[in-house]
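None of the figures in this text is laboratory data; all of them are computed from the coordinates on show. Remember, it's a predicted structure, so these values are computed and weren't measured experimentally. Ideal geometry is used to build each Cβ from the backbone, glycine not excepted, and the neighbour counts take in all protein chains shown.
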Amino acid sequence: MTDRRTAGFAEQFLSEAREVIARLDTAAIEKAVEILADTRAGGGRLFILGIGGSAGNASHATNDFRKIAGLETYAPTDNVSELTARANDDGWASIFSEWLKVSRLQARDTILVFSVGGGSVEKNVSPNLVSALQYAKSVGSRVIGIVGRDGGFTATVADAAILIPVVNADNITPHSEAFQAVVWHLMVSHPALKNAQTKWESVAK
């Protein structure tokens, strides 16, 4: 039996999702695609950073950018041994920046951030993203952010910031993380990036 307090939640949530889609900045998405295509053409690499649910998205997106878009891509969080060793030995804030240093991050490479808040040193939220982006900018790498709320530090330094609109303050996190997936799937399906046919579409043909 449906609780009266939760009746209609599914319709409300999906209605909010429709509003998020309607309000997404397509120009920012196109700019991000342009940066990614340029990164690939220039022999650069893509590094995807995310924490929590966004780390799971980063792993999935890494597969898609490599397999579908033919873009050399890495997610530091896929290496849990190195990640936890760095957090344990050197501190949480430097896990990404030190990883990127060992990877010899260069100006031709691009950073893609998946985050709800975008990082904030002042609020001590995702300081590892802030440190990584400061390092990326110091070597001239470009930055793309798919972020919620006001985008935090990521949005202030990104060359292309895709903000997931807030349509309900109670559902910022689920919409932000869900639409990270929508946007990256759009990107790898974009004619400027798509390099390989996806399996079921090729079977259908």
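Whole-Hz Karplus values for segment 106-111 come out as 10, 5, 7, 8, 10, 9 Hz, taken residue by residue from phi with 6.51 cos²θ - 1.76 cosθ + 1.60 and θ = phi - 60°; glycine and proline positions read x.
Kirkwood-based Rg over Rh for the chain (C-alpha set), two decimals? Spell out each step's value before the answer.
On the way: Rg = 17.5 Å, Rh = 17.6 Å.
With Rh from the inverse mean 1/r over Cα pairs, Rg/Rh is 1.00.
Within the same chain, lysines fewer than 8 places from LYS123 are excluded, and of the rest, those with a Cα less than 23 Å from its Cα are LYS137. The HN-Hα couplings worked out from phi for segment 136-151 by the Karplus form 6.51 cos²θ - 1.76 cosθ + 1.60 (θ = phi - 60°) are 4, 5, 5, 9, x, 6, 8, 10, 10, x, 10, 9, x, 6, 9, x Hz, whole numbers, x standing for Gly and Pro. Arranged from fewest to most other beta-carbon atoms within 10 Å of their beta carbon, LYS199, LYS67 become LYS199, LYS67.
Working from label points 7 Å from Cα in the Cα-to-Cβ sense, the GLU30 to ASP159 distance is 1.8 nm. Each Lys or Arg adds one and each Asp or Glu takes one away; over the other residues whose Cβ falls under 15 Å from the Cβ of TRP92, this sums to -2. At q = 0.11, 0.13, 0.14 Å⁻¹, what base-10 log of I(q)/I(0) does the Debye formula yield for segment 87-185 when every alpha carbon is treated as an equal point scatterer in vacuo? Log10 I(q)/I(0), no solvent term: -0.32, -0.45, -0.52.
Just grab the label-to-label distance for HIS60 and LYS123, each label 7 Å out from Cα along the Cβ direction, in nm (one decimal). It is 2.4 nm. Once backbone amide H atoms are built at 1.01 Å from N, THR73 has LEU46 as its partners under 5 Å, excluding neighbours fewer than 5 places away on the same chain.
Between ASP90 and VAL167, 0.36 nm times their residue separation minus their Cα-Cα distance comes to what? Walk me through the numbers before you get to the answer.
Details: separation 77, 0.36 × 77 = 27.72 nm, distance 3.84 nm.
23.9 nm is the gain from fully extending ASP90 to VAL167.
If R0 is 25 Å, the Cβ-Cβ spacing of LYS194 and ARG18 corresponds to a FRET efficiency of close to 0.45.
Between GLU82 and VAL139, the contour length at 0.36 nm per residue exceeds the Cα-Cα span by 18.3 nm.
On alpha carbon coordinates alone, what is the Rg over Rh value for segment 1-92, Rh being the Kirkwood radius?
On the way: Rg = 18.8 Å, Rh = 16.4 Å.
Rounded to two decimals, Rg over Rh is 1.14.
Straight Cα distances below 18 angstrom link LYS67 to the lysines LYS194, LYS199, with same-chain residues fewer than 8 positions distant left out. Near VAL113, the amide H atoms lying under 5 Å from its own belong to LEU49, ILE144, GLY145, ILE146; only residues 5 or more places off or on other chains count, and H is placed 1.01 Å from N.
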